[in-house]
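Engineer: Pasting a structure here, questions to come.
Just so it is clear, none of the values below were taken in a lab; they were calculated from the coordinates. Owing to the predicted nature of the structure, the values given are computational and were not obtained by experimental measurement. Heads up, the Cβs are rebuilt from the backbone with ideal geometry, glycines too, and the neighbour counts pull from every protein chain shown.
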Amino acid sequence: MQRFSSVILAAAVWLLGFAATGPGASAQQFEKNILTGGPSGTYIQIGRDLASVANACGLEYTIRESAGSLENFLGVRKLPHTQFGIVQSDVLEYLKTFSSEDPDIARAILGVRIALPLYNEEVHILARRDITSLSDLNGRRVAVGVEDSGTFLTASLVLDLAGVQPAARVTINPTASLERLLANEIDAFFYVAGAPTKLFQSAEIDSTKFHLLPIDDPTLTSVYIPTSIPAGTYPFQAEETPVVAVKAVLMTYEYTPKKNAYHRDSCKAVSDLSKLILTNFRQLQEVGHPKWREVNLEDVPPGWEVGSCSSAGLEQDYELQCGALPVQSALPESLESKANAAYRAKICADIGC
């Protein structure tokens with residue numbers, strides 16, 4: 001994993017020195033942005049759902065494509081006008097682990113907070129039919145995602161934990177990976193995304209030639225979340241497929257409203273969207289991407305704090321121009337930090353637990 005560590009470090013250093021217009025800067029024209037993922041992934045569809053409920057309230061949040069989790073995490077930390085990013089939980093764990101050993105990574109995660117936990121993302125491996133297990137990837141050409149993506153991190157960890165040594169680890173995006181697989185230029189590719197993901201709805205994926213590779217290795221199921229992709233989730237998939245999953249979370253930055261106008265406006269943007277998600281949660285589950293039905297707003301990853309601006313938006317007396325939910329009684333505080341306990345109480349008060 002030394003190679004991946006160098007990728008993390010290079011990305012962190014680049015973003016930390018990106019520009020003087022980071023979270024401390026003022027803005028002539030205030031923008032609100034959400035970093036998501038590629039055009040065919042689940043992240044961008046979740047982002048569009050968020051933008052839709054905001055637009056109904058007269059608020060504009062711009063959805064930005066990205067390479068994925070690592071870019072999103074570091075973008076929230078440093079890029080200007082970037083209040084949100086969707087990130088995989090194993091990226092969080094990796095950064096947290098290495099932050100104690102590397103001061104540059106420690107600086108990269110400084111001030112980044114959880115806005116809201118989202119859903120589990122399945123690890124998809126689309127492979128040729130003659131490949132029937134992870135061990136069959138030994139000596140094969142495997143695409144593992146671009147180097148600043150969550151897919152790259154997860155694919156690297158999965159292959160290493162399973163003791164698999166491909167002949168080549170090809171670093172290309174999911175769309176290019178599918179094109180290369182169909183053209184017989186690679187043998188399999190990883191894609192971490194909430195099922196169903198648009199990419200695998202393609203009619204070009206022939207079920208007689210390709211399939212989702214089962215992931216049932218005991219080591220992997222102990223490290224990741226064991227789950228399955230139901231039969232018929234994709235046109236080519238006739239059988240249920242055991243896989244593993246990681247959790248997606250919506251990240252933000254710990255803005256300080258008293259610091260300057262940029263922080264004040266960004267904090268309000270975070271509070272507003274947090275309130276909008278809570279007040280429209282049932283609607284998102286009914287008409288948004290199917291993954292909204294799996295979202296557990298209490299399931300905050302251990303070791304990470306909920307941002308104060310997000311928590312402020314969940315207060316019963318926080319008001320939006322389009323209204324707020326009626327006041328309900330809060331549940332008793334749970335364990336962990338006071339901030340996270342208060343967050344859970346607010347969630348339970350509004351949607352029930």
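Engineer: Can you sort Glu185, Glu286 from fewest to most other Cβ atoms within 10 Å of each residue's own Cβ?
Structural biologist: Lowest count first: Glu286, Glu185.
Engineer: Which residues in the range 27-71 place their backbone N less than 17 Å from a point set 7 Å from the Cα of Glu185 along the Cα-to-Cβ direction?
Structural biologist: Counting backbone N atoms under 17 Å from the label point, the list is empty.
Engineer: I'd like the distance between the alpha-carbon centres of the range 150-175 and the range 302-320, rounded to an integer number of Å.
Structural biologist: 36
Engineer: Turning to a different aspect of this structure: For the ranges 148-156, 293-301, what's the packing order if you count other beta-carbon atoms within 10 Å of each residue, average per peptide, and put the highest first?
Structural biologist: With the highest mean Cβ count within 10 Å placed first, the list reads 148-156, 293-301.
Engineer: Enumerate the calculated ³J(HN,Hα) couplings along the range 272-287 in order (Karplus 6.51 cos²θ - 1.76 cosθ + 1.60, θ = phi - 60°), each rounded to whole Hz, writing x wherever the residue is Gly or Pro.
Structural biologist: 4, 5, 4, 5, 5, 5, 5, 6, 10, 4, 5, 5, 4, 5, 7, 10
Engineer: Further question: Looking at Ile205, Leu182, Gly232, which one has the Cα that reaches farthest to the positive end of the dipole of the range 143-284 (charges on Cβ: Lys, Arg +1; Asp, Glu -1)?
Structural biologist: Gly232
Engineer: Another question about this same structure. If you take all C-alpha pairs in the range 225-269, what percent of them are over 18 Å apart?
Structural biologist: When all Cα pairs of the range 225-269 are counted, 58 percent exceed 18 Å.
Engineer: Hey, another quick one. Pairs of Cα atoms under 8 Å, at least six residues apart: use those to get the relative contact order of the range 36-105, whole percent.
Structural biologist: 26
Engineer: Normalising by the residue count of the range 122-246, find the relative contact order in percent from Cα pairs under 8 Å and 6+ residues apart.
Structural biologist: That works out to 33 percent.
Engineer: Based on the alpha-carbon set only, what is the convex hull volume of the range 77-226 divided per residue, in Å³?
Structural biologist: Taking the convex hull of the Cα positions in the range 77-226, it is 135 Å³ per residue.
Engineer: Hey, could you pull the Cα Rg and Dmax for the range 212-319, both in Å?
Structural biologist: 18.6, 56
Engineer: What is the set of long-range amide H partners of Ile186 at a cut-off below 5 Å, with H atoms built 1.01 Å from backbone N?
Structural biologist: Amide H neighbours of Ile186: Leu181.
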